């Protein structure tokens, strides 16, 4: 995965529309499906918990189907990119201790992975207007840049490959 330039305004707009659409589907489909199931398959003395749960699951199934169907539509480009970036950063984060230990031993792959984590996190913070810890992140990026320069590595994220994580 490579970091790409994302239009922040377009991303925010499309994310809000996507989220609102999913919520709308759940608000309409789930109660309607539950009501239909209750009217067809329930008795007055029984609990409606599983009927309602089935309605929610039908709504989730519809949303999942729609997201898979429209995942490659140009409207979804930014939303899917950020979703994939978050997943990749989470994979790195789960192995962070081993990666940091390898960096102390001057492992170049670990440095490249950490560079991607830091710069990807910066991009996410900027896209989501999460500026609370931005200053701390920028300090980490500067320190890591110095470490990479000392190792003869570029601070570009183009050399990152998700397969590098398999070693850790």
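Only the coordinates and a few stated rules stand behind these numbers; no lab work does. Computed from a predicted structure; not experimentally measured. Glycine also receives a Cβ, built like all others from the backbone with ideal geometry; neighbour counts cover every protein chain displayed.
What is the spin-label model distance, in nm, from residue 147 to residue 135 if the labels are put 7 Å beyond Cα along the C-beta direction?
It works out to 2.3 nm between the two label points.
Quick one: compute the contact order of the stretch 1-150, relative version, from alpha carbon pairs under 8 angstrom and 6+ residues apart, as a percent.
Contact order relative to length: 22 percent.
Given all pairs of different Cα atoms, what value in angstroms does the Kirkwood hydrodynamic radius of the stretch 8-77 take? The partial results should precede the final answer.
Values: mean 1/r = 0.0738 Å⁻¹.
One over the average 1/r among Cα pairs gives 13.5 Å for the stretch 8-77.
For the stretch 95-167, what is the largest minus smallest coordinate of the Cα atoms on each principal axis, given in angstrom and ordered from greatest to least?
Principal axes ranked by extent give 33, 24, 23 Å for the Cα atoms.
With the Cα gyration tensor of the stretch 48-108 in hand, convert its eigenvalues to equivalent ellipsoid semi-axes via √(5λ) and list them largest first in whole Å.
On the way: eigenvalues 287, 75, 7 Å².
Equivalent ellipsoid semi-axes, largest first: 38, 19, 6 Å.
Report, in cubic angstrom per residue, the convex hull volume of the C-alpha atoms of the chain.
About 158 Å³ per residue, rounded to a whole number.
Whole Å is fine, so just give me how far the alpha carbon centre of the stretch 12-39 lies from that of the stretch 115-139.
Their Cα centres are 32 Å away from one another.
Taking the highest mean first, how do the peptides 27-33, 16-22 order by number of other beta carbon atoms within 10 angstrom per residue?
With the highest mean Cβ count within 10 Å placed first, the list reads 27-33, 16-22.
With labels modelled as points extended 7 Å from the Cα through the Cβ direction, what inter-label distance (nm, one decimal) is found for residue 69 paired with residue 16?
It is 2.6 nm.
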